[in-house]
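The numbers here are math on the coordinates, done by the rules we state, and not lab data. Note that this is a predicted model, so its numbers are computed, not measured. All Cβ positions, glycine included, derive from the backbone under ideal geometry; neighbour counts span all protein chains shown.
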Amino acid sequence: MDKVNVTIDGIVAAVPSDYTVLEAARSLNIDIPTLCFLKGINEVGACRMCVVEVERARTLQAACVLPVSEGMVVRTNTPKVREARKTILELILARHNRECTTCSKNLNCELQKLCDEMNIKEVPYQPYEMKVEIDDLSPCVVRDTSKCILCGRCVNVCKKVQGVGAIDFSKRGINTMVTPAFGQSLNDVACIGCGQCIKVCPVGALSEKDDTEEVWQALSNPDLHVIVQTAPAVRVGLGEEFGMEKGAPVTGKMVSALKRLGFDKVFDTDFAADLTIIEEGNELIDRLNNGGKLPLITSCSPGWVKYCEHFFPDFLDNLSTCKSPHEMFGAIAKSYYAKKEGIDPSKIFVVSVMPCTAKKFECKRPELSGTGYADVDVVITTRELARMIKQARINFAKLEDSKFDKILGESTGAGVIFGVTGGVMEAALRTVAEVVTGKELQNVEYTAVRGLEGIREAQVKIGDLDVKVAVANGTGNAKALLDRIRKGEANYHFIEIMGCPGGCINGGGQPFIMDKNEIYMSEVDRADSLYNIDRSMPLRKSHLNPEVKTLYDEYLGKPNSEKAHKLLHTHYTKRSRF
Amino acid sequence: MSEPNVNNGCRCGCDAGSKMDVQNSKLKEADEIIYKHKTQKGPLLSILNEFQDSFGYLPRAALEETSKVLDMPLAEIYGVATFYSRFTLKPRGEHTISVCLGTACYVKGAKDIFDELLKELKLDGSGETTDDGKFTLEATRCLGCCGLSPVMMIDGEVYGRLTPEKVPEILKKY
Ligand code: SF4
Ligand code: SF4
Ligand code: SF4
Ligand code: FES
């Protein structure tokens, strides 16, 4: 890359010529505040928070969208710049429903943080009264437009990263708002509930639907047997809520915290992930051998499943009929476990702790009730669990380690990597390879399907068969991949799709990251952490999970048996794209 | 299984209820308009302009069709449709009320008249036609009778020296 010479706050440096002033400054350890900017996704220069003085330019310039040029002289900390930044914040606050102490983003809010850093002490403008209209009809996402600062991040994440476009700017001037089409509720449009908009919103205008109260109530109901399960990605995210480093593995502490909260049993969704692999692996083998519909596409990500129902209904027969792991868990808990423990299934209350907001919609699907009862009663996110732990005054960092309970708590490394893009594919290949060849697989790591690129393809030899596989993460990438298949430009036997960029580790319910431009980097830490756990496990193939084996021996019979079908499989519904 | 949100009867006061007849008679016309402009660069504004001219407003079914054909989110199209004051999302009401918000009327309290009308007609300031399709409310510049300010006009008939209290009485006549 060519370089150009720039001077920023007196520091002379040669920087790549495709840098913006913001990038150049940050590479020199000079920070410029930003609010709307999100690299590669929202580079619109909307908020002007990042203004700087540029020699020979008449007005202040927005550093996030200004390319560097040879000889450029920039000043980032002058009276004029400081004054402008203050004015911008004051103007935002004059059109903002300020109620920090009761706000969903309290202590996680970029606006709050900037006001502190820029020393804002008062709002010298007549405030414009924001009408408070809360849209909380969606089971996943709550919208409060009175907090919205119109930065546009959610609009562009939803449109560009997720390929949905459920929300956009409407009207103009002082009436400008971010809304779904025709001012409808998010619940009435093709929103997939992924929560990626929540993750990037700098303020409290978007948040998850909080279901913690329902869990507290169940916990204090003596008639209920309340059990909890935790998804793989939760254990490498939760620690961040308690000041630990990104991706810190906290499995043992998490289990202890859940026991202290009063759950009767603490189980692991990883157990059900292993179960999913047995069912889905056998489904793949069956489709390959018996001319079934191909490519087979994974169905464990509810954001992706809903996306498929809205936008690619012609692919619904390609979706695996397997329920997602936590739903399988619920069905097994209310049948096998209930029977074995002698508990009335109507008294079992299943709580799922998930990195995902879309699972809140999923658990309300009427078809997911294989036992006659809802498989899962409530889904809470990693963030909501953290809130409960804080509310209960548990000193998380000081907790000892505990183990998951039997008989739904055992897992293998294959179940763990479900939390990262490529993980379901790799877990499935480990099992399918052994089932098909009947030989023990020596090298279990399929590195070809690892990584964080949006779409990855590989060809894998299983027995005599060359199996063509693809992995996509973020529904926008799924769209790109499926469009190519529709046009006949690509074809595969097996595809893994996860709705969120990076997979569940970056789900819409994971801990907030204050610097939103680090969101897509923190994936790396959380992903590494999951792969480390996998490597440390004695068993790394789903079909070796002893509790899963017992489940088949004692209850389900064979994979894809009639009983397995009734409890562990589902069907899909075509939905409108509007 | 039912399909949620397929506009069979609508709660939001848009024209979805009339989608059926739009579908029958107008959808073909809408399609012709869309395909005519589809290949040009930035086709959306031309399409919306032509919808407005042909139908007198932007029928929701036509916007949905546009979204499908251009592979552009409906929320984005709705955003453009509500950004430009030239576009309307409902057919014009039976009666048109124009309120002068020019300087002379404004200083004499025209804004209060306008707000009173919004309240009486249950409009939120964005939609300009009432749910029952009876009135369309618009703000205009000088109507040329500043002596009577504040002034409004209903279907060509001028009402002057208004106060908010007089508004409900006048509306009753229609
Ligand atoms: S969005 Fe931020 S500044 Fe606004 S009320 Fe919430 S915490 Fe406070
Ligand atoms: S939850 Fe996902 S689909 Fe729904 S508005 Fe947010 S980003 Fe878009
Ligand atoms: S809802 Fe949040 S992310 Fe979306 S425009 Fe408003 S402030 Fe920005
Ligand atoms: S304009 Fe640069 S961060 Fe908003």
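Here are a few things to note about the model shown:
- The range A:405-531 - charge dipole about Cα centre, Lys and Arg +1 at Cβ, Asp and Glu -1, debye rounded to 20: 420
- Theoretical gain in end-to-end length, residue A:395 to residue A:30 [0.36 nm per residue, Cα-Cα removed]: 127.8 nm
- Of all beta bridges that DSSP places with both ends in the range B:95-172, some 55 percent have antiparallel geometry.
- Listed pairs A:253/A:541; B:119/B:172; A:131/A:171; A:360/A:574; A:246/A:359; A:339/A:541 exceeding 21 Å between Cα atoms: A:253/A:541; A:246/A:359; A:339/A:541
- Take each residue in B:60-72, count the other chain C-beta atoms within 10 Å of its C-beta, and the mean is 2.
- Lysines with Cα under 19 Å of residue B:36, excluding same-chain neighbours fewer than 8 positions away: B:26, B:28, B:68
- Those lysines that a straight Cα-Cα span of less than 22 Å connects to residue A:340, excepting residues fewer than 8 apart in one chain: A:259, A:265, A:403, A:406, A:549, A:558, A:563, A:566
- Among A:478-485, A:420-427, the order from most to least packed when residues are scored by Cβ within 10 Å on average: A:420-427, A:478-485
- Counting only other chain Cβ atoms within 10 Å of each residue's Cβ, the peptide A:538-551 averages 0.
- When the Cα positions of A:443, A:498, A:488 are compared along the charge dipole of the range A:443-530, A:488 comes out farthest toward the positive end, with charges on each C-beta of Lys, Arg, Asp and Glu.
- Cα gyration tensor shape of the range A:464-578, rounded if a/c is under 1.5, else prolate or oblate by comparing a/b with b/c: oblate
- Counting DSSP beta bridges with both ends in chain A, the antiparallel % (nearest 5): 55
- Net dipole in debye of the protein assembly as shown [+1 Lys, Arg Cβ; -1 Asp, Glu Cβ; about Cα centre; nearest 20]: 880
- Span from the the range A:253-275 Cα centroid across to the the range B:115-171 one, whole angstrom: 63
- Over chain A: helical MRE at 222 nm, DSSP H runs n ≥ 4 each giving -39500 (n - 2.57), nearest 500: -9000 deg cm²/dmol
- Measuring between their Cα centroids, the range A:540-575 and the range A:455-497 lie 25 Å from each other.
- Farthest toward the positive end of the dipole of the range A:174-280, out of A:227, A:185, A:248, is the Cα of A:248, where the dipole comes from beta carbon charges about the Cα centre.
- Protection proxy ranking for A:325-335, B:91-101, A:48-58, A:406-416, using the average of other Cβ atoms within 10 Å per residue and placing the highest first: A:325-335, A:406-416, B:91-101, A:48-58.
- Exercise: per-residue mean of other protein chain Cβ atoms within 10 Å, A:177-186: 6
- Under 28 Å from residue A:3, Cα to Cα: lysines that are on another chain or at least 8 residues apart: A:39, A:516
- Inter-part distance where the range A:39-81 and the range B:31-47 are each reduced to a Cα centre, Å: 37
- When peptides B:136-146, A:140-150 are sorted by average Cβ neighbour count within 10 Å, with the highest value leading, the order is A:140-150, B:136-146.
- DSSP bridge orientation in the range A:3-91 - percent antiparallel, rounded to nearest 5: 80
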